Amino acid sequence: MDTPRIIILISGKRKSGKDFISETLLKILGDDKCAIIRISEPIKTFYAKEKNLNLVELMSDNVYKEHYRLEMINWSDEIRTQDPGYFCKAACGKAPRKPVWIVSDIRRKTDIKWFRNTYQKKIRIVRISADTEVRQNRGFVFTKGVDDVASECDLDDFNEWDLNIKNNSNEDLDLAVKKLVELIEN
Ligand SMILES: Nc1ncnc2c1ncn2[C@@H]1O[C@H](COP(=O)(O)OP(=O)(O)OP(=O)(O)O)[C@@H](O)[C@H]1O
């Protein structure tokens, strides 16, 4: 198989649960059928290399990641200005050839455009939302220069979602996963 049968693009605000839902879906579908792709992976790899930083710490969800987030956003934006699909292409180039791809960190209209141009009808676009209070309980702290710029807000006015899901509670999660499985199987 050269390309996946279906590609789920997942978008949502920080701590809405993009990773958590993607991992839950992966467990259900199994890693023989499904792979998670993160656009942030090549961003971090290239950034760490260029700045001589520890990639393992940069990839993990801790203070180190938060510390570099702003600098990394600005650095990656410069590259995107020259080639908007640069990181999408790099992430997909390295991805395992499985029937289902879940891209767990879609942040830009240019990301969606690149995926649509490259994979056409295989694309399904999903928005996850959670209440601010819930996100705060998961560790979200509003950060100027991060939460009020394009990487967080560019898709706020996008309205072509194939699926909108809520992730405030366990009940929400069960329903979200059910709808995602339906989207993948139909
Ligand atoms: N439905 C849920 N039930 C329990 N815990 C959850 C749920 N959804 C998310 N979480 C937890 O909330 C935290 C944030 O979730 P996650 O990392 O998936 O968010 P994210 O949208 O990927 O965030 P970021 O954009 O900052 O990477 C994690 O610790 C995760 O385990």
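Residue-level check: of (1) at pLDDT 95 or above; (2) more than 16 Å from the ligand (Cβ to nearest atom); (3) part of a loop (DSSP other than H, G, I, E, B), Ile112 misses just (3).
Which ones in segment 113-157 are under 19 Å from His67 (Cβ atoms) and under 17 Å from the mean Cα position of the chain (by Cα)? Steps first, answer last, please.
Our first condition is that a residue be under 19 Å from His67 (Cβ atoms); within segment 113-157, this holds for 138-149, 151-152.
Answer for segment 113-157, where residues must be under 19 Å from His67 (Cβ atoms) and under 17 Å from the mean Cα position of the chain (by Cα): Phe140, Val146, Asp147, Val149, Ser151, Glu152.
The number of residues in segment 35-62 being in contact with a helix residue (DSSP H, G or I) (Cβ under 9 Å, 6 or more places away or on another chain) and farther than 20 Å from Ser104 by Cα comes to 6. Of all the criteria given as (1) within 12 Å of the ligand (Cβ to nearest atom); (2) of a type in the set (A, V, I, L, M); (3) surrounded by fewer than 16 Cβ atoms within 10 Å (Cβ to Cβ); (4) under 17 Å from Ile102 (Cβ atoms), the one not satisfied by Val177 is (3). Is it fair to say Glu23 is surrounded by fewer than 20 Cβ atoms within 10 Å (Cβ to Cβ) and within 12 Å of the ligand (Cβ to nearest atom)? In short, yes.
In segment 19-40, the residues that are farther than 19 Å from Lys179 by Cβ reach residues that are near the ligand (Cβ under 8 Å from one of its atoms) and among the hydroxyl-bearing types (Ser, Thr, Tyr) with C-beta atoms within less than 9 angstrom, at least six apart or across chains, in these pairs: Ile37/Ser104; Arg38/Ser22; Arg38/Ser104; Ile39/Ser104; Ser40/Ser104.
Just a yes or no: is a residue in segment 59-72 among the hydroxyl-bearing types (Ser, Thr, Tyr) and more than 16 Å from the ligand (Cβ to nearest atom)? It would help to see each step written out before you state the result.
Here is the first cut: in segment 59-72, the ones among the hydroxyl-bearing types (Ser, Thr, Tyr) are 60, 64, 68.
From what's left, more than 16 Å from the ligand (Cβ to nearest atom): none.
Scanning segment 59-72, I find no residue that is among the hydroxyl-bearing types (Ser, Thr, Tyr) and more than 16 Å from the ligand (Cβ to nearest atom), so the answer is no.
Return yes when Asn74 is on the phi > 0 side of the Ramachandran plot and modelled with pLDDT under 95 and no when it is not. I'd like the intermediate steps shown before the answer.
Details: on the phi > 0 side of the Ramachandran plot: no; modelled with pLDDT under 95: yes.
It is false that Asn74 is on the phi > 0 side of the Ramachandran plot and modelled with pLDDT under 95.
Any idea which of Val146, Val134 is of a type outside the set (Gly, Ala, Ser), part of a helix (DSSP H, G or I) and surrounded by 15 or more Cβ atoms within 10 Å (Cβ to Cβ)? Let's see the steps before the verdict.
Numbers: Val146 fails: part of a helix (DSSP H, G or I).
Of the residues listed, the single one that is of a type outside the set (Gly, Ala, Ser), part of a helix (DSSP H, G or I) and surrounded by 15 or more Cβ atoms within 10 Å (Cβ to Cβ) is Val134.
Suppose the filter is within 16 Å of the ligand (Cβ to nearest atom), among the charged types (D, E, K, R) and touching a residue at least 24 places away in the same chain (Cβ under 8 Å); does Asp156 pass it? So Asp156 does not fit the description; no. One residue alone among Lys89, Lys144 is without any contact (Cβ under 8 Å) to a residue 24 or more places away in the chain and of a type outside the set (Ser, Thr, Tyr), and that residue is Lys144.
Do the conditions hold for Ile106, that is, is it touching a residue at least 24 places away in the same chain (Cβ under 8 Å), within 15 Å of the ligand (Cβ to nearest atom) and in contact with a helix residue (DSSP H, G or I) (Cβ under 6 Å, 6 or more places away or on another chain)?
no
With the structure loaded, tell me whether Ile106 is of a type in the set (A, V, I, L, M), buried (at least 16 other Cβ atoms within 10 Å of the Cβ) and part of a helix (DSSP H, G or I) or whether it fails that test. Please lay out each step first, then the result.
Working: of a type in the set (A, V, I, L, M): yes; buried (at least 16 other Cβ atoms within 10 Å of the Cβ): yes; part of a helix (DSSP H, G or I): no.
It is false that Ile106 is of a type in the set (A, V, I, L, M), buried (at least 16 other Cβ atoms within 10 Å of the Cβ) and part of a helix (DSSP H, G or I).
The values are calculated or read from the model by the stated rules, or taken from the named source; none is laboratory data. If you're wondering where the values come from, they're calculated on a predicted model, not measured in any experiment. Glycine also receives a Cβ, built like all others from the backbone with ideal geometry; neighbour counts cover every protein chain displayed.
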